[in-house]
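Worksheet for the structure shown next.
The values are calculated or read from the model by the stated rules, or taken from the named source; none is laboratory data. Not measured: the values here are computed from a predicted model. Every residue, glycine among them, receives a Cβ derived from its backbone with ideal geometry; neighbour counts consider all protein chains shown.
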Amino acid sequence: MPNPSPRSRQFDLIAFDWDGTLFDSTAIITRCIQRAVVDVGGQEPSKEAASYVIGLGLMQALAHAAPDVPVEKYPELGQRYRHHYTAQQNDIVLFDGVLPLLAELKSRHHWLTVATGKSRKGLNEALHDVDLKGVFDGSRTADETAGKPSPIMLNELMREFGVEAGRTLMIGDTTHDLQMALNAGCASVGVSYGAHEPSAFNDLKPKFIAHSVSELRQWLIENA
């Protein structure tokens, strides 16, 4: 794919995490993880433990959140999570200001992509939303590559668009996102309104930590 025409900007490719970064889904995912673990006989993980694994691949996340659940129950654990999530997925909405932000970045001719721990099926279902059709130029999911913080998702996106790591920015709400960016040699921006406490971000060297979508927009318009 040819590179875009030269522009006065720092990043050609911007990759977004999904849950907790674009979608206000952290609380629902946390509850679904807790309920799924209890359903298969495990001890309910704390809110902190359940939210920590958001952004990882589903089975990787559930295994981490439920260390007392035997491996042979993982398929059932995944099924119970999907059952609870499906029942509530219509309650999940974009954070206020996300659509205008994406439209503004699109008008500036950045390539917009998604790098998420969601499954391909789950992401495709979310992308069917009429407001999101045509917004993203590419995406990678954990089940078709590798879970975060492996850099494979970002590496594949960079190859697809012919963009170097120095011209790529990852935006996410977890340490998994920022570590993935570091592993891929990319810059990152953290958002504090998702799953992880921003105090954990500093060691991962994000260029900025946004405390709201409006702060994220301001930084991107001025610096991306």
A careful count of residues in segment 143-171 that are in a helix (DSSP H, G or I) and touching a strand residue (DSSP E or B) at 6+ places or on another chain (Cβ under 7 Å) gives 8
Asp143 meets each of (1) more than 24 Å from Gly194 (Cα to Cα); (2) in the same structural domain as Ser212 (by TED's automatic domain parsing) with one exception, condition (1)
Scanning segment 60-74 residue by residue, those over 23 Å from the mean Cα position of the chain (by Cα) and either closer than 19 Å to Ala142 by Cβ or in a helix (DSSP H, G or I) (or both) turn out to be Val71, Glu72, Lys73
Taking segment 180-190 and keeping only residues that are buried (at least 24 other Cβ atoms within 10 Å of the Cβ) and either part of a loop (DSSP other than H, G, I, E, B) or modelled with pLDDT under 95 (or both), one is left with Cys186
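Conditions tested, residue by residue: (1) over 16 Å from the mean Cα position of the chain (by Cα); (2) outside the structural domain of Ser150 (by TED's automatic domain parsing); (3) exposed (fewer than 15 other Cβ atoms within 10 Å of the Cβ).
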{"position": "Arg80", "(1), (2), (3)": "yes, yes, no"}
{"position": "His84", "(1), (2), (3)": "yes, yes, no"}
{"position": "Gly97", "(1), (2), (3)": "yes, no, yes"}
{"position": "Leu102", "(1), (2), (3)": "no, no, no"}
{"position": "Lys106", "(1), (2), (3)": "yes, no, no"}
{"position": "Trp111", "(1), (2), (3)": "yes, no, no"}
{"position": "Val114", "(1), (2), (3)": "no, no, no"}
{"position": "Gly117", "(1), (2), (3)": "no, no, no"}
{"position": "Asn124", "(1), (2), (3)": "no, no, yes"}
